[in-house]
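Trainee: Just passing along the structure, written as structure tokens.
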Amino acid sequence: MKKPWSGRFTHKTSGIVESFTESISFDKRLWKHDIRGSIAHAKMLAKQGIIPAKDAGAIVKGLLEIAAEIESGKFRFRNELEDIHMNIEAELVSKIGPAGKKLHTARSRNDQVALDIRLYLREETEDVLSKILQFQKTLLKTAERHADTVMPGYTHLQRAQPVLLAHHLLAYIEMIERDKGRFTDSLKRLNVLPLGSCALSGTSLPNDRTFIAKELGFKAVSGNSIDAVSDRDFAVEFLSCACITIMHLSRLAEELVLWSTEEFRFIEISDEFTTGSSIMPQKKNPDVAELVRGKTGRVYGNLVSLLTLMKGLPLSYNRDMQEDKLPLFDTVDTLKSCLEIMTAMLPGITFNCKRMLATAGEGYSTATDIAEYLVRKGIPFREAHEITGKIVLHCIKKNIELHELDLKELKSFSAVISKDIFLCLDPVASVRARSSYGGTSPSQVLKQIKRYKKSL
Ligand code: ARG
């Protein structure tokens, strides 16, 4: 197959160079976006009188035929034509003849590839956003079902204070709400048209970039042709957002793994979403959650790949940038599959509410409630903390829980203590009392559930 640059060359490209430099094996994923961009470009060329309208008509018709062939799997992608851009253009020329040779007027593969990736990522960002929303809705439903399930809340993975399971789940909704904000914000910078920047410096032909931007739904046109072909910030930004989102998924995955251990016994994941062992008959493993956690490492790696790829590149386009696609595609696929599987797994999780409540009352988790009780009786917090610490130490020595103390014993630590203190020692009462804004009391949690039911 003749190369588009054959005029300048006297020898054929070596076969090993063709295999080494090709990107068609992975960038064929961009075919739809490439064709869409080319159609808009051809229309612009005709409108501006750069090519005859009938040539543009033939180009559009040819491109639509090619799209149909690719869609149906009939198209033959050729390695020696390097990438998706040259594969489609060569096929167009062989289909419609000389008119096809006019498509690549006033553009370069440098602005073309930047355009294709932006179109692709815009679509994928929308898809990621809708998958995040589905996940949030599922979390919210689970939270609603457990609006009064009490569990131990942790800091340092040590039992800290009783909380509502719904509150814990809402924490994830809150995190991913920020993720949505980041992805949405990134769209502003992504949704800018690079086409018309050509190789790096623009063109002497009378193009109309605003027209193409409108055709393709871009909100703005890039203002510097050098930047437009050398910029991959939008891809770095997508990967950064993806890293934060999958980090959140990984934290939940980690909790699911932990909670399904015999040591915790807080949840059981359904059979459909667990796997067994080939040797140990009793095993039921949380592999899905583990893989979500594990894939997070790969997605971080993808971000570091792209950042490293870009850091030493002089302006403007360099072929190194072809390597942007694999980490990008892999991140899109991985993030979407993790969101999907977590959304699917959640409804099949059974929460062991009894055990959660029982453990919430153990380990002196209501000690802070005693300290706050003493504050209400007029004792400065630091003293209240000290007194409560002594009560806890006393219980540890006697190997009993706080609620097992009798009033006389309690009074020996402070004269202000009376029998109303027992209300503080119950984990359910403890949760109910934490009604500060954003706290874990049922009243506060219901407010948040309502807020999200409205906004999601
Ligand atoms: N396949 C290339 C890429 O993905 C296309 C860009 C232009 N190539 C070139 N040699 N100028 O980056």
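Computed from the coordinates by the stated procedures, all read-outs in this text should not be read as laboratory data. The structure displayed is predicted, hence computed values, not measured ones. For neighbour counting, all protein chains shown are included, and Cβ atoms are generated from backbone atoms with ideal geometry for every residue, glycine included.
Trainee: Rounded to the nearest 20 Debye, what is the dipole magnitude of the chain about its Cα centre when Lys and Arg each give +1 and Asp and Glu each give -1 at the C-beta?
Mentor: In total the dipole reaches around 1020 debye.
Trainee: Hey, another quick one. Which helices, taking whole DSSP H runs in the chain, have alpha carbons extending 20 angstrom or more along the helix axis plus mean Kyte-Doolittle at least 0.5?
Mentor: Qualifying helices, which must be both long enough and hydrophobic enough, are 53-71, 233-259, 325-345.
Trainee: Within the range 398-456, report the chymotrypsin sites (Phe, Trp or Tyr not before Pro) that DSSP leaves as loop and that have at most 15 other Cβ atoms within 10 Å.
Mentor: Passing both the DSSP loop test and the Cβ count: 437.
Trainee: Would you work out the relative contact order for the chain, in percent, from Cα pairs under 8 angstrom that are 6 or more residues apart?
Mentor: 16 percent
Trainee: Something else about it: Over the chain, how many percent of alpha carbon pairs lie in each 10 Å bin up to the one with the longest distance?
Mentor: Histogram of Cα-Cα distances, whole percents per bin: 4, 16, 21, 17, 14, 11, 8, 5, 3, 1, 0.
Trainee: Over the range 317-456, what relative contact order in percent results from Cα pairs under 8 Å that are six or more residues apart?
Mentor: Result for the range 317-456 is 18 percent.
Trainee: Something else about it: What's the center-to-center distance, using Cα atoms, between the range 1-60 and the range 440-456 in Å?
Mentor: 53 Å
Trainee: Length gain on complete extension for the stretch residue 398 to residue 130, per 0.36 nm per residue less the alpha carbon to alpha carbon distance?
Mentor: The residue 398-residue 130 span can extend by a further 91.0 nm.
Trainee: Test of understanding: what is the full-extension gain from residue 446 to residue 154, defined as 0.36 nm times their sequence separation minus their Cα-Cα distance?
Mentor: Separation in residues times 0.36 nm, less the Cα-Cα distance, equals 103.0 nm.
Trainee: Between the range 247-278 and the range 219-234, what is the C-alpha centre distance in whole Å?
Mentor: 44 Å
Trainee: Right, another one. Report for the chain the percent antiparallel among DSSP-assigned beta bridges with both residues inside it, nearest 5.
Mentor: Percent antiparallel among DSSP bridges in the chain is about 80.
Trainee: Tell me which of 385, 154, 247 sits at the most positive position along the dipole axis of the chain, charges placed on C-beta atoms (Lys, Arg +1; Asp, Glu -1).
Mentor: 247
Trainee: With +1 on each Lys and Arg Cβ and -1 on each Asp and Glu Cβ, and nothing else charged, work out how big the dipole of the range 125-241 is about its Cα centre, in Debye to the nearest 20.
Mentor: 220 debye
Trainee: Going by amide H atoms built from the backbone, whose H comes under 5 Å of the H on residue 163, apart from near neighbours?
Mentor: For residue 163, the qualifying residues are 151, 153.
Trainee: Dipole of the range 1-147, Cα-centred, from +1 at each Lys and Arg C-beta and -1 at each Asp and Glu C-beta, to the nearest 20 debye?
Mentor: 340 debye
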